[in-house]
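Asker: Before I ask anything, here is the structure I am working with.
Quick note: the coordinates plus some simple rules give every number you see, no bench work behind them. Please read these numbers as outputs of a predicted model, since none were measured by experiment. All Cβ positions, even for glycine, are placed from backbone atoms using ideal geometry, and neighbour counts span all protein chains on display.
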Amino acid sequence: IEELKEDIRMVEQKLEDLEVIFDIAQRSKRVESLEEEIARADFWKDDVRSKAVIRELKDSKAVVDPFAKIADEFKDLKDIISIATPEDAASLTHFHNDLTALKQKLDTLEFNSLLGGEADRNNAIMTVTAGAGGTESCDWA
């Protein structure tokens, strides 16, 4: 159970760090603001502006919504684990598996968010060629 508690502390710290890094509070406010703008009657009159607002809303929600879902799952799991006893061996194994899955979701969110810039969704063409180094360099290229 101590290992589980240590994992909880680690996930909790990572959630706090990501909340600051991704500025979740500010993004949430921006999502609300954009949703209010979309709800206005004259929103669709300016096609260029409406597309830009929708794109910004989509990009912000791509970070805020998964983060909120993961944070809620973590809170629920933390509450359940806090009342577990060492005698609940099967449950503790299940909780450990759930926490591992939650860590994986958090890592995926972090990775996807780090690649969430404007140019990050574009394709890239890359060429790898062997330089000086003989036959071994050709093996790597």
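Asker: Run the simple label-point estimate for residue 49 and residue 96 please: 7 Å along Cα→C-beta, distance reported in nm.
Answerer: 5.7 nm
Asker: Which of the trypsin sites (Lys or Arg not before Pro) found in region 20-123 are loop residues per DSSP with 10 or fewer other Cβ atoms within 10 Å of their Cβ? Write out the running numbers ahead of the final one.
Answerer: Numbers: sites: 27, 29, 30, 40, 45, 49, 51, 55, 58, 61, 69, 75, 78, 103, 105, 121; in loops: 40, 121.
Passing sites in region 20-123 are 40, 121.
Asker: Here's a follow-up. As a test of the formula, what do you get for the chain when each DSSP H run with n ≥ 4 contributes -39,500 (n - 2.57) and the sum is divided by the residue count, at 222 nm and rounded to the nearest 500 deg cm²/dmol? All intermediate terms of the calculation are to be shown ahead of the outcome.
Answerer: Values: 5 runs with 104 residues, N = 141.
It comes out at -25500 deg cm²/dmol, rounded to the nearest 500.
Asker: Could you please report the charge total around residue 20, scoring K, R as +1 and D, E as -1 over all other residues with beta-carbon less than 14 angstrom from its beta-carbon? Intermediate values should be presented prior to the final figure.
Answerer: Working: positive: 14, 27; negative: 12, 16, 17, 19, 23, 110.
Local net charge: -4.
Asker: So what is the relative contact order of region 1-110, in percent, for Cα pairs below 8 Å that sit 6 or more residues apart? Intermediate values should be presented prior to the final figure.
Answerer: Values: 50 pairs, mean separation 37.9, N = 110.
Across region 1-110, relative contact order equals 34 percent.
Asker: Follow-up question, since we're still on this one. Explain nothing, just the number: dipole magnitude of the chain about its Cα centre with +1 on each Lys and Arg Cβ and -1 on each Asp and Glu Cβ, in debye rounded to the nearest 20.
Answerer: 620 debye
Asker: In a GNM of the chain with a 10 Å cut-off on Cα contacts, which of 59, 47, 98 has the highest mean-square fluctuation?
Answerer: 47
Asker: Another one. Let a ≥ b ≥ c be the square roots of the eigenvalues of the Cα gyration tensor of the chain; is it rounded (a/c under 1.5), or, if not, prolate (a/b larger than b/c) or oblate?
Answerer: oblate
Asker: Provide the per-residue ³J(HN,Hα) series for region 37-50, in order, calculated from phi with Karplus coefficients 6.51, -1.76, 1.60 and θ = phi - 60°, each as a whole number of Hz, with x at glycine and proline positions.
Answerer: Whole-Hz 3J(HN,Hα) from phi for region 37-50: 5, 5, 6, 5, 5, 8, 4, 7, 5, 9, 4, 5, 5, 5.
Asker: For residue 79 and residue 14 in one chain, what is 0.36 nm times their gap in residues minus the Cα-Cα distance, to one decimal in nm?
Answerer: 21.6 nm
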